Structure formats: structure tokens, C-alpha cells
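Here's the structure we're looking at; comments come further down.
The values are calculated or read from the model by the stated rules, or taken from the named source; none is laboratory data. This structure is a prediction, so every number in the text was calculated from the model and none was measured. Quick reminder, even Gly has a Cβ in these numbers, built from the backbone with ideal geometry, and neighbours come from all protein chains shown. Please note that ligands, DNA and RNA were not included when accessible areas were found on the heavy atoms of the full protein model with its side chains. Shrake-Rupley method; radii C 1.70, N 1.55, O 1.52, S 1.80 Å.
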Amino acid sequence: MSAAPRPRRRLSRRLMLAFSGFALLVAVLYGFYVVLFVYLVEDEMFNGLLEQEAKAQLHHHASQGGWARPALPGMSVHETAASLPEGLGARLVGEPWRREFAGDQGRHYHLRRLEPTDAWLVAEVSQQLVVRPMRGGILQWLGWSSLGVLGIALLLGAWLARRMTAPLSRLSDVVAGASPTHLPTGFAESLPDDEVGALARTLQGLLVRIEAFVDREREFTRDASHELRTPLAVIRSACERMQARADLDPALHLQVGHMNQSVLQLEHTISALLMLAREQHLQEPVESITLLPLIERVIVDQTGLLGDRPVQLALDVAGDAKACLPPTALRVILSNLIGNAFAHTLKGEVSITVEAGWLQITNPGAGIDADALQPFTKGAASSGYGLGLSIVHRLCERHQIDLRFNPDRTRTMVSIRLDPAARTCT
């Protein structure tokens, strides 16, 4: 049973990062509101003192006709805005809504107008500031607290994510180890009764149905292999005996020959389809195959597709040329490709060569479109079922065989790599 592949974007890591990111956001917002709160409290305290002193000054001005000396240290009364210290009057012209200004050398001012007069009450509060001296310590405390909260959130998020994703990981391992010949059962009972458990029970039911389907498909493959091949072999044998008769009418002899070719083509098609239907062929080992005898046998089998057409065959394959491929798949691929070249060549030359580790089959034609690789897709001149190239394409994909089609529209060339990388022949 193979282990499940490790995902690039692990759910546990994403849950942990989301949890810690939310905790960090809360910590930052908490720190911001703490700093804002202490500043607002300090400002309200100074504004309250200014309000209290302003009432006393206005009462004194109304009863005595002048301004009294402020009772609190750092406060002063100015008759007009022009007499405010450090050019605050000019700054008020540009920002008339402001009532708090920073001065030189660390001084800080809070202002209040003594309405309805033009006088201003000014409080220089640098000595009474509480937050400014503590600001560094407050920020440091908030920073360390945020780091602590982030660390706790990471640990808690990791524990929670591992706890939440552990059933999913077990389910993934179970599914990764499944195969048509070994479908797991009873794994849903060990998972919790939650969404993951519901998914596992649904998947378990699906695997039961898949197992029943695979059993039916395997039985059909076995029965079809016998029921289809036997009558075809009988028909082919009868055709060969009829062709061997010397008293057979020439027209009938030609028709029997066509029947024999059709039976031969149907036998190869059934063999390829049955091979694709059998999952165990995925494990067919590669072997070192001598090419020339195999190609010659395929050519003999497919020669009937040429008929009486003026077609020449050029075979340039060295006697020691070998291929490192699954033998059954290679035979089906060659039968389809060579048969396809024979069937679609009206005249000219069909060339089969081995060059630089590639087997090349070339014949006159307009090339092969990508649509031709789809099942039941055939050209106007084709007399088959449109399955040959689709079977070749699927076999090459299944066995990881490199297959190339020359895009040249003046001829048709198919190339097969004979010794794929990272393969060891038996």
C-alpha cells in the first residue's frame, strides 16, 4: 500500500496560519486601542482642567473686569491669539480647529478660547504628561505581549489543525492505497462522526460499488476474450481454406480475401481493447526486445491491407536493434501503426527505420491531426472503426512511451522512442 502524496498546500498549515494570523490581528488591534485609550484619557484630563480654569477666569473677568492669575502651574492667559507663545497664533490661522500643539524643546500646549472674548487660556503640560515618558515601555510591553500571544496561537493552532486534519490524513492514506484488486473496507468506522466521517462512509459505499463494477468488468473481459476470439479464429480458418481451393471463382476468391483481412483487423482491435481493459497490464514489465523479427511478423500480418496497390516497403532496421518496452503493448502499437500506414497508402513507399533510438514509420499522406487520437474518429479514406490511433495513444500514455507525430503535411511520420529514460530492461 503506497502512502498518500504530501500536498503542496497542507490544510493543517493553512489552519495554523489562519489561527495565528487572527490572533496577531487581535493583538495589534488591542495594542492600538490601548495606546489610543491612554492618550484620550490624558487629553480629557487636561481638557477638564482647562474647562475648570476657564470658568473661573470668565467669572473673574465678569466681576472684576480683568483676568486673574491661573491657579494651576503652567497655565497662562493671553489677550489675543497674536500673543500666544511659539507662534501658536499663526498655526491657529492655518488650523483653526486644533486645540493641541507641540512646541520646541519638548513643550506641549493645550489651548482654550475664553469666549465671548478674544482671550486664550494656554496650558503648557510637558511636565504633566504621563503617556509620553511611558510610551516606549508601553510599546515594548505590547510588542512582547503580541509575540507571546502569537506563539501561543501558533501552538494552539498547530494542535487544533493536527487534531482536525488527522482523520483526513488517515482517509487520504486509505484511498491512496486502494487499487482495483485491493479496495479497502471498514475504514469509516474508525473515523469520528462528523463531516470527515460522513465523507468516509460515502467513499466506502462508493468503493463497494466500484469493487462490484471491477468484478463484473473482469468477468466480462475473461468471457469476451474467449467468446470473441474463438468464432473469429473459426472464420479466419474457414477463409484461409476457401482461399486455398483451386476451383474457387476469382471474384469469390477476392471477396474471401477481403473477409480474411477484416477478420484479421478485428482480431487485432479486440486484442487491443481487451488489453486496455485489463488493469493488470499496467504492471507488465519492460523487456529487451529484438525489433526486426517482431516488425517482420507484424508486416506479414498486415500485408493483406495493401491489396494490389503499387506500394513499396522500405525496411531499414538493424538485426541487433532492440527496444526496452512492454512486449505486448509494443506489438499492439506496431500492428496499429503499420496497419494504419498500409491502409492509408494508395501508392508510393512505406518506410520503417530505426534512427537515434527512435522507430519511425513514414508513409505518403497529409499528416495526423490531434482529433485523430480520439476514439471513433477516422479519415474519409479509412475503412476501419476509428480506434487504431486512439488505442496507440492510450497504450503509450499508460506505459509512458514517448510518441511523436511529424507535423509535416506532405507526409505522415510516427516516431516511438525505443529506450525511455529511467527504465531497466529485464
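Answer with yes or no whether Leu156 is surrounded by 14 or more Cβ atoms within 10 Å (Cβ to Cβ) and either in contact (Cβ under 8 Å) with a residue 60 or more places away in the chain or not in a helix (DSSP H, G or I) (or both). For Leu156, the condition - surrounded by 14 or more Cβ atoms within 10 Å (Cβ to Cβ) and either in contact (Cβ under 8 Å) with a residue 60 or more places away in the chain or not in a helix (DSSP H, G or I) (or both) - is met. For beta carbons closer than 6 Å, sequence separation of 6+ or different chains, a first residue in segment 166-179 that is touching a residue at least 60 places away in the same chain (Cβ under 8 Å) and a second that is in a helix (DSSP H, G or I), the qualifying pairs are Leu168/Val196. Across segment 104-113, the qualifying residues are those that are more than 17 Å from Leu50 (Cβ to Cβ) and not acidic (Asp, Glu), and the one among them that is surrounded by the most Cβ atoms within 10 Å (Cβ to Cβ) is Gly106.
Can Arg331 be described as charged (D, E, K, R) and within 18 Å of Leu389 (Cβ to Cβ)?
Working: charged (D, E, K, R): yes; within 18 Å of Leu389 (Cβ to Cβ): yes.
Judged against the criteria, Arg331 is a match.
The residues of segment 340-359 that are under 41 Å from the mean Cα position of the chain (by Cα), at pLDDT 85 or above and either within 16 Å of Leu395 (Cβ to Cβ) or not aliphatic (A, V, I, L, M) (or both), listed by number, are Thr353, Glu355, Gly357, Trp358, Leu359. Of the residues screened, Glu219 is one that is at pLDDT below 80, farther than 23 Å from Val392 by Cα and charged (D, E, K, R).
Can you tell me which of Pro96, Pro73 is closer than 30 Å to Leu139 by Cβ and assigned to a loop (DSSP other than H, G, I, E, B)?
Within the list Pro96, Pro73, the selection yields Pro73.
Per this entry, Ser172 is not counted among residues that are assigned to a helix (DSSP H, G or I) and at pLDDT below 75.
Quick check: is even one residue across segment 103-112 among the hydroxyl-bearing types (Ser, Thr, Tyr) and closer than 30 Å to Tyr33 by Cβ? Talk me through it step by step, then tell me what you get.
First pass over segment 103-112, keeping only residues among the hydroxyl-bearing types (Ser, Thr, Tyr): 109.
Pick out the ones that are also closer than 30 Å to Tyr33 by Cβ and you get 109.
Yes, segment 103-112 contains at least one residue that is among the hydroxyl-bearing types (Ser, Thr, Tyr) and closer than 30 Å to Tyr33 by Cβ.
Quick check: anything in segment 179-191 under 24 Å from Arg13 (Cβ atoms) and open to solvent by less than 70 Å² (accessible area, probe 1.4 Å)?
Keep residues of segment 179-191 that are under 24 Å from Arg13 (Cβ atoms), which gives 191.
Applying the additional criterion that residues be open to solvent by less than 70 Å² (accessible area, probe 1.4 Å) yields 191.
Yes, segment 179-191 contains at least one residue that is under 24 Å from Arg13 (Cβ atoms) and open to solvent by less than 70 Å² (accessible area, probe 1.4 Å).
A quick yes/no check of all residues on (1) farther than 30 Å from Ala68 by Cβ; (2) surrounded by 14 or more Cβ atoms within 10 Å (Cβ to Cβ):
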| position | (1), (2) |
| --- | --- |
| Glu115 | no, no |
| Ala119 | no, yes |
| Gln127 | no, no |
| Leu150 | yes, yes |
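The single condition among (1) in contact with a strand residue (DSSP E or B) (Cβ under 8 Å, 6 or more places away or on another chain); (2) open to solvent by 40 Å² or more (accessible area, probe 1.4 Å) that Phe101 does not meet is (2).
Quick check, is Arg394 at pLDDT 75 or above and either in a loop (DSSP other than H, G, I, E, B) or open to solvent by 20 Å² or more (accessible area, probe 1.4 Å) (or both)? When the stated conditions are applied, Arg394 passes them. May I ask you to list pairs of residues, at least six apart or on different chains, whose Cβ atoms are under 7 Å apart, with the first in segment 183-204 being touching a residue at least 24 places away in the same chain (Cβ under 8 Å) and the second being in a loop (DSSP other than H, G, I, E, B) and surrounded by 12 or more Cβ atoms within 10 Å (Cβ to Cβ)? Every condition considered, the pairs that remain are Gly197/Leu191; Ala200/Phe187; Ala200/Leu191.
Residues that are among the β-branched types (Val, Ile, Thr) and surrounded by 14 or more Cβ atoms within 10 Å (Cβ to Cβ) were ranked within segment 232-258; the one that is nearest to the chain's Cα centre (by Cα) is Ile235.
Residue under question is Leu36, and the condition is that it be open to solvent by 60 Å² or more (accessible area, probe 1.4 Å) and either touching a helix residue (DSSP H, G or I) at 6+ places or on another chain (Cβ under 8 Å) or part of a loop (DSSP other than H, G, I, E, B) (or both); does it hold? Quick ask: steps written out before the conclusion?
Working: open to solvent by 60 Å² or more (accessible area, probe 1.4 Å): yes; either touching a helix residue (DSSP H, G or I) at 6+ places or on another chain (Cβ under 8 Å) or part of a loop (DSSP other than H, G, I, E, B) (or both): no.
Spelling it out, it is not the case that Leu36 is open to solvent by 60 Å² or more (accessible area, probe 1.4 Å) and either touching a helix residue (DSSP H, G or I) at 6+ places or on another chain (Cβ under 8 Å) or part of a loop (DSSP other than H, G, I, E, B) (or both).
Does Arg229 count as surrounded by 13 or more Cβ atoms within 10 Å (Cβ to Cβ), under 30 Å from Leu17 (Cα atoms) and at pLDDT 75 or above? Quick ask: steps written out before the conclusion?
Values: surrounded by 13 or more Cβ atoms within 10 Å (Cβ to Cβ): yes; under 30 Å from Leu17 (Cα atoms): no; at pLDDT 75 or above: yes.
In short, no.
Contact map, segment 294-305: residues that are in contact (Cβ under 8 Å) with a residue 24 or more places away in the chain and among the hydroxyl-bearing types (Ser, Thr, Tyr) paired with residues that are in a helix (DSSP H, G or I) and surrounded by 19 or more Cβ atoms within 10 Å (Cβ to Cβ), Cβ distance under 9 Å, separation 6+ or inter-chain. Pairs shown: Thr303/Phe342.
Can you pull out every residue in segment 302-329 that is under 22 Å from Pro364 (Cβ atoms), charged (D, E, K, R) and either in a helix (DSSP H, G or I) or in contact with a strand residue (DSSP E or B) (Cβ under 9 Å, 6 or more places away or on another chain) (or both)?
Asp316 - this is the single residue of segment 302-329 that is under 22 Å from Pro364 (Cβ atoms), charged (D, E, K, R) and either in a helix (DSSP H, G or I) or in contact with a strand residue (DSSP E or B) (Cβ under 9 Å, 6 or more places away or on another chain) (or both).
Flag: Glu44 matches the condition of being within 30 Å of Ala27 (Cα to Cα) and open to solvent by 40 Å² or more (accessible area, probe 1.4 Å). Set side by side, the residues Ala82, Ala3, Ala23 differ, and just one is modelled with pLDDT under 90, in a helix (DSSP H, G or I) and open to solvent by 60 Å² or more (accessible area, probe 1.4 Å), which is Ala82.
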